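What follows is a set of notes on a single structure, which appears directly below.
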Amino acid sequence: MRRGLLVAVAAVIAAPAALRAQDSSVAAPGGVRVGITYTPGTRPSLAVLPVAPAATVLDSVRSILQRDLDFSDRFDIVVPPPTVAVQGGTPNYGALTALGTDLAVAVMPAPGAGQSGQVEVQLHDVRTGSLKNHLTLPLPAATGEALRLAVHRAADEVVRWATGSPGVASTTLLYVADGRLWRVDPDGEGRSSVPSAGRPALSPAWSRDGRTVAYTAFVPSGRPLVIQDFASGSRDVVPGSENGVNITPEFSPDGRTLAFAHGDENGTDIYLYDVARRCCLTRLTVGRFYDNLSPTWSPDGGRIAFISTRAGSPQLYVMSADGSGQEALARFDYGFTGQTNGPEWSPDGQAIAFHREVHGVPQIFILDLATRAVRQITGEGRNEDPTWAPDGRHLAFVSSRSGTRQLWIVDLETGRMRPIVTTGGARLPAWSPRRTFFSEAG
Amino acid sequence: MMGRLWRAVGPAMVLMAAACGKPPAPAPTTPAPAPAAPSEAVRAAADSAAAARAAAARRDSLAAQARADSLARADRERSRADSVRLQVQRQSVDTAPPLTAGGLAVADSAALADPIHFDYDKSEVVPADQARLDRKLAILAAHPRLEIRVAGNCDERGSDEYNLALGERRAAAAKRYLVAHGVAADRVEIVSYGKEHPLDPGHTEDAWARNRRDDFVATKGAN
């Protein structure tokens, strides 16, 4: 379904000139929508039922949930007045149907919970007048961060009940600001610095289980690659990365291997480090005075896309995970196509997001691997370093469109863009997996 | 004395180079019969034996030196790897101490630190900057214990990550030039700062041109 939309959309942006024209004339509310057609009214309408009394933990849960469901971009959110929506403690299906809603989410004290503080979240199918699914949130003593994470997980479940695939509210984004690592959740909350080695620390990357991050640390004696346990903060240097410049790490999907680029006086090349055995570098490219960097794995672990300057300017290439079969991936015209950098393979394996300079200004592009067609996603300000959400439909990236460098999130299906407020020039974001497996850092 | 020894060793080294890995020709142990001038023959034989001994001694000392050098290099690498590890484990963020070329004459200090510049997205030393590097060659020749670090930098255009690779190439280009002109490779360390350390915070062509540069600092032997 998603690919069908993408193909339809690709036809809209044939030429760069047409595209620029579109950028200025089709500026929809909330940002540019280059290369994406916005299709309002095709999403289910979902009512988030009010709770009484307001300003309780129930109401906090409801408002976090409502925002998560809104930011999932899968629903048109409706908040009906209490007098209409609820009748005798249950959803008023008739009134909700009259409002045109398809689904309703209710938040209430769990049955028999007494004073334990457990909360039940229900999803109702308004059209059939039935309870579709429900869960109990274990909220005893949960406050702040823990409460929010529990609700985010519930929101992802509600999205799964309604659409068949989970949301991405229970994720977090790592990024670099002021030379240090920071995190922020996709709803803009929970922004805090992450203890890290070196200054700057650059290019954070998550392991696929969300337990570990890797990044480049500028320390006085080198620019090694650091592998850090996210929860405890304990860290180690990738052996062999003490020399030269060691950049753009990315964990393989099975977590056993870390691909990265090592640069020294002979050029910059891509290596694999065996994380499982804590040893052994394998060299995949041999540049000799040109650069190979920014490896990104296909979800099946079989291929690696990367950036190479072998033809002059940095462009997108692909190879097998053993280094064989290297070839250009995104078509480019020598001396005409702008520098291409920051590739990231999509979670569904069908696309690669990257940024490419258009008249000297970086913009976000997506390469469709089936057709090898590229389409431009952004057009306003500088836009760079895209990173995929685990749902494969949201991208976070860095944009200067507001006048300061911030993280933005775009939903590729609807074209909706929203900023995540950060201070101090955010860059190099990395979207985490869903936080279902690991406990939080303090 | 030193001159005499060098005269003896010099030809032996040429001989070794010519032999190119083959074992050195055995020195004659019995003087060849030379009825006309026996004393000269004896002296020639003695000279030749002395030369062979000197060559052997020189060979040993070269081998010992090479061993010592390689051990020192390994030591240096190990201690650098250790300090990288320590710096990564440390909780607080530390920054590199400022380096000064304290012992150099002011003019030399300035000439050593004089940056070279690059064209956009290029890492070749431009002809106009060769004289700047030649000046550094002279300073390095005059101060044999001097070691330097070349830091490659980029302008703000281009991606953060690609610029780290480009900066490394720019630093490597200066090092290649210096090494090609006789500077020992282990006296020149290179580092890339990508676009992390702009000199000029502006967003103009002039600012970019100033920021696309190699910086040079003395790391050792300047005082």
How big is the B-A contact in terms of buried accessible area, both chains counted, 1.4 Å probe, rounded to the nearest 100 Å²?
3500
Any residues in region B:66-85 that have 30 Å² or more less accessible area with all protein chains than in their chain alone, probe 1.4 Å, and which are they?
B:R80, B:V84, B:R85
Just the projected area, averaged over all directions, of the convex hull on the alpha carbon atoms of chain A: how many nm²?
22.3
The distance between the Cα centres of region A:120-189 and region A:328-377, in whole Å, is 31
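Enter the mean number of other protein chain beta carbons within 10 Å of the beta carbon of each residue in A:212-220, as an integer.
For peptide A:212-220, the averaged partner shielding equals 4.
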Each residue of A:261-271 has, on average, a number of other protein chain C-beta atoms within 10 Å of its C-beta equal to 5
Tell me, what ³J(HN,Hα) does each residue in region A:347-363 have, in order and in whole Hz, if you take phi through Karplus 6.51 cos²θ - 1.76 cosθ + 1.60 with θ = phi - 60° and put x for Gly and Pro?
x, 8, x, 9, 8, 10, 8, 7, 10, 9, 6, 10, 6, x, 10, x, 9
Non-local amide H neighbours of A:V126 (under 5 Å, H modeled in plane, Pro and chain starts lacking H): which ones?
A:L103, A:A104
Determine the equivalent ellipsoid of region A:252-390 by diagonalising the alpha-carbon gyration tensor, then write out the semi-axes as square roots of 5 times the eigenvalues, largest first, rounded to whole Å.
24, 18, 13
Going highest first, how would you order B:125-131, A:187-193 by mean Cβ packing within 10 Å?
A:187-193, B:125-131
Can you work out the accessible area per residue across chain A, with the rest of the protein chains kept in place, probe 1.4 Å, in square angstrom?
37
Pop out the ³J(HN,Hα) list for region B:205-222 in order, Karplus 6.51 cos²θ - 1.76 cosθ + 1.60 with θ = phi - 60°, rounded to Hz; leave Gly and Pro as x.
4, 4, 4, 4, 4, 5, 7, 7, 8, 9, 9, 10, 10, 7, 10, 6, x, 8
Could you size up the charge dipole of region A:50-154 around its Cα centre, putting +1 on the beta carbon of Lys and Arg and -1 on that of Asp and Glu, and report it in debye to the nearest 20?
120
Please enumerate, by chain and number, the lysines with C-alpha under 26 Å from the C-alpha of B:K136, excluding those fewer than 8 residues away in the same chain.
B:K122, B:K175, B:K195, B:K220
Expressed as a whole number, the average count of other chain Cβ atoms within 10 Å around the Cβ atoms of B:143-152 is 0
Could you order peptides A:344-350, A:313-319 by the average number of other Cβ atoms within 10 Å of their residues, highest first?
A:313-319, A:344-350
Considering only C-alpha atoms, what is the centroid distance from region B:147-185 to region A:193-270, in Å?
21
Under the rule of at least 5 residues apart or a separate chain, name every residue whose amide H is placed under 5 Å from the amide H of A:T285.
A:I270
How long are the semi-axes of the equivalent ellipsoid of region A:224-304, defined as square roots of 5 times the Cα gyration tensor eigenvalues? Whole Å, largest first.
20, 16, 10
Using each residue's phi in region A:178-193, evaluate 6.51 cos²θ - 1.76 cosθ + 1.60 at θ = phi - 60° and report the 3J(HN,Hα) Karplus result to the nearest Hz, with x for Gly and Pro.
6, x, 10, 7, 9, 10, 8, 7, x, 8, x, 9, x, 5, 7, 7
Helix-only estimate, please: 222 nm mean residue ellipticity of chain A, summing -39500 (n - 2.57) across DSSP H runs of length 4 or more and dividing by its residues, to the nearest 500.
-4500 deg cm²/dmol
As an exercise, find the ratio Rg/Rh for region A:329-396 from alpha-carbon atoms, using the Kirkwood inverse-distance average for Rh.
0.95
So who's got an amide H within less than 5 Å of the one on A:V194, skipping anything under 5 residues away but keeping other chains? H placed 1.01 Å off N, in plane.
A:L181, A:W182, A:R183
Scoring only Lys, Arg, Asp and Glu (+1, +1, -1, -1) among other residues with Cβ under 15 Å from the Cβ of A:D274 yields 0
Kindly point out which whole DSSP H helices in chain A project their C-alpha atoms 24 angstrom or further along the helix axis while averaging a Kyte-Doolittle hydropathy of -1.0 or above.
A:144-163
Sort region B:140-200 into rounded, prolate or oblate with this rule: let a ≥ b ≥ c be the square roots of the eigenvalues of the Cα gyration tensor; rounded if a/c is under 1.5, and if a/c is not under 1.5, prolate when a/b is larger than b/c, oblate otherwise.
prolate
Using the basic label-point model (7 angstrom from Cα toward the beta carbon), what is the A:Q118 to A:V84 distance in nanometres?
3.4
Could you give P(r) for region A:166-288, binned at 10 Å from zero, as whole percent values over all Cα-Cα pairs?
14, 44, 31, 10, 1
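The values are calculated or read from the model by the stated rules, or taken from the named source; none is laboratory data. Not measured: the values here are computed from a predicted model. Reconstructed Cβ throughout: ideal geometry from the backbone, glycine too, with neighbour counts over all protein chains shown. Surface accessibility is based on the protein's heavy atoms, side chains included, excluding ligands, DNA and RNA. Shrake-Rupley method; radii C 1.70, N 1.55, O 1.52, S 1.80 Å.
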